[in-house]
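Following: one structure in C-alpha cells, then a few remarks.
The values are calculated or read from the model by the stated rules, or taken from the named source; none is laboratory data. Everything quoted here is computed from the prediction, not taken from an experiment. Using ideal geometry, Cβ is built from the backbone for each residue, glycine included, and neighbour counts are taken over all protein chains shown. SASA here: full protein model, heavy atoms, side chains in, ligands and nucleic acids out. Shrake-Rupley method; radii C 1.70, N 1.55, O 1.52, S 1.80 Å.
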Amino acid sequence: DIQMTQSPSSLSASVGDRVTITCQASQGISNHLNWYQQKPGKAPKLLIYDAFNLQTGVPSRFSGSGSGTDFTFTISSLQPEDFATYYCQHYDNFPRVTFGPGTKVDFK
Amino acid sequence: QVQLVESGGGVVQPGRSLRLSCAASGFTFRSHGMHWVRQAPGKGLEWVAVIWYDGSNKYYADSVQGRFTISRDNSKNTMSLQMNNLRAEDTAIYYCARDVRAGGMDVWGQGTTVTVSS
C-alpha cells in the first residue's frame, strides 16, 4: 500500500502569513492527489484536485503543486477563516483512496 | 441545492449491527459514485467504502471488509452502509461523499456518529 506522510503535523501562523504544507507518497502517484480543508465539527471540503487544480469556488490564495512523490499545498496569505486541518488524499489506487494524517493550522 | 444527509447513527454494543443511510438531493444521484469516509474521535480521515454510480462495483477498506456492505437505491436517491459485527474501533463520525473525477470527493454530508460501546 502507498503510504502518505504530511509535514508538519501542526503549525502556528498569523493572518497574512504564507503557509506551506508538504505531502509525500511512499511511491510515485503521478498527479493523483487532492487536498481538503476541515474545520472543527464540519465535514471536509475539497480545495485542490489533481495536485494543482483549484476546485470551483475556492479562493485563489490556495494552490497546490508537485508530482510523483512530493507535493506542496500553499496558502499565500492566511486568512482568519483558514485556520483548520488540511489533508492530502491520493487516489492512485482508485477505487481505494488514502488520506494523509493531516496538518493542523492554528493561530500563533 | 446539492446536499447529502446522513442518518442512522447511534450507540451500539460490540458485535451488534447498525445501518447508516445517506439521502442525496440537488444533483443526478445515479450519475455519481459514492463514498463512505469515517473519522474516529480526534483522529484523521479514513476511507471506508465506495460504490459505483450504478451499484455494479463496490470496494472496501481492509478494516471493514467482510463486515460492512455498501449499497444504493437510485430510484430513491439513497445510499446505505450496513455495518455488522461492530467493534470499538468502528466508533467514528461517518460521512457520505460524492465521487468526482474518480477519486475526489466534492460534496459531503454533515456526518452521523456511531459509538460502539458496552
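Considering segment A:77-108 alone, what residues qualify as being open to solvent by less than 10 Å² (accessible area, probe 1.4 Å), more than 14 Å from every other protein chain (Cβ to nearest Cβ) and among the polar types (S, T, N, Q)?
Hits for segment A:77-108: nothing passes.
Select from segment B:95-111 the residues that are touching a strand residue (DSSP E or B) at 6+ places or on another chain (Cβ under 7 Å) and among the hydrophobic types (A, V, I, L, M, F, W, C) and write down the one among them that is surrounded by the fewest Cβ atoms within 10 Å (Cβ to Cβ).
That would be B:100.
Among B:80, B:56, which is the only one that is closer than 28 Å to residue A:85 by Cα, of a type outside the set (Asp, Glu) and at pLDDT 95 or above?
B:80
Name every residue in segment A:55-66 that is assigned to a strand (DSSP E or B) and either in contact with a helix residue (DSSP H, G or I) (Cβ under 7 Å, 6 or more places away or on another chain) or loosely packed, with under 15 Cβ neighbours inside 10 Å (or both), in order of residue number.
Selection gives A:65 alone.
Conditions (1) open to solvent by 30 Å² or more (accessible area, probe 1.4 Å); (2) under 23 Å from residue A:104 (Cα atoms); (3) part of a strand (DSSP E or B); (4) not aromatic (Phe, Trp, Tyr), marked per residue:
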residue: B:21; (1), (2), (3), (4): yes, no, yes, yes
residue: B:46; (1), (2), (3), (4): yes, yes, yes, yes
residue: B:64; (1), (2), (3), (4): no, no, no, yes
residue: B:75; (1), (2), (3), (4): yes, no, no, yes
residue: B:118; (1), (2), (3), (4): yes, no, no, yes
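When you scan segment B:68-102, how many residues do you find that are within 14 Å of another protein chain (Cβ to nearest Cβ) and over 15 Å from the mean Cα position of the chain (by Cα)?
3
How many of the residues in segment A:24-52 are buried (at least 22 other Cβ atoms within 10 Å of the Cβ) and away from chain B (no Cβ under 13 Å)?
So the answer is 1.
Could we say that residue A:74 is surrounded by fewer than 20 Cβ atoms within 10 Å (Cβ to Cβ), more than 8 Å from chain B (Cβ to nearest Cβ) and within 9 Å of the chain's Cα centre (by Cα) here?
yes
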